[in-house]
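Data block below; observations after.
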Amino acid sequence: MENYSKISDAEWHVMKVIWKNPYCTASEVIKALEGYKEWKPKTVKTLIRRLVEKQVLGYEVSGREYKYYSLINEQECIKSESNSFLQRIYRGSIKALLLNYIEDNNLSKEDIEELSNLLKERK
C-alpha cells in the first residue's frame, strides 16, 4: 500500500527522526524535535498516532513503552514524493522542472559540469 503521499509536512519531521533512530519512543521523538519545532508533546504524539493509523509506522510494546519504527523505506518514500510533486506541479515533465530551476538559480561551474556529466552518462 502506497502511503507515501499521505504524509503531511508535519509528519515528515517525525518520520525523519524515526528513520534516523528506529525503535524510538514518543519521548525520544519529542526530544529530537526540541529546538527545531515548537510543538507540545501532545502534538508530536498526535502525529505519531496518525502515522500509525496510516500504516506508515509500526510499534512494539516494551514494558510500559511503545517503540516506533517505520513500515516504509525512506528512499522509496522520497522517490514517491518527488514523483508526486513532479506530476502535480510540472505535469510529469522533468525538463520543465530542470529548466525552471536552472533559470531561477545561479549554478556554479561545478554544478553545471556535474549536470552535464550526468546527462552525458544517461545518453
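The values are calculated or read from the model by the stated rules, or taken from the named source; none is laboratory data. Computed from a predicted model, the values in this text were never measured in an experiment. Counting neighbours? That spans all protein chains shown, and the Cβs are built from the backbone with ideal geometry, glycine included.
Quick rundown of the values:
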read-out: Qualifying residue in the stretch 33-54 (condition: in contact with a Leu (Cβ under 7 Å, 6 or more places away or on another chain), farther than 30 Å from Arg122 by Cβ and either in a strand (DSSP E or B) or β-branched (Val, Ile, Thr) (or both)); value: yes
read-out: Qualifying residue in the stretch 17-35 (condition: touching a residue at least 40 places away in the same chain (Cβ under 8 Å), closer than 20 Å to Ser84 by Cβ and surrounded by fewer than 14 Cβ atoms within 10 Å (Cβ to Cβ)); value: no
read-out: Ser70 among the small types (Gly, Ala, Ser) and surrounded by 15 or more Cβ atoms within 10 Å (Cβ to Cβ); value: yes
read-out: From the options Arg122, Arg88, Arg64, residue that is exposed (fewer than 12 other Cβ atoms within 10 Å of the Cβ) and either assigned by TED's automatic domain parsing to the domain that holds Leu51 or touching a Phe, Trp or Tyr at 6+ places or on another chain (Cβ under 6 Å) (or both); value: Arg64
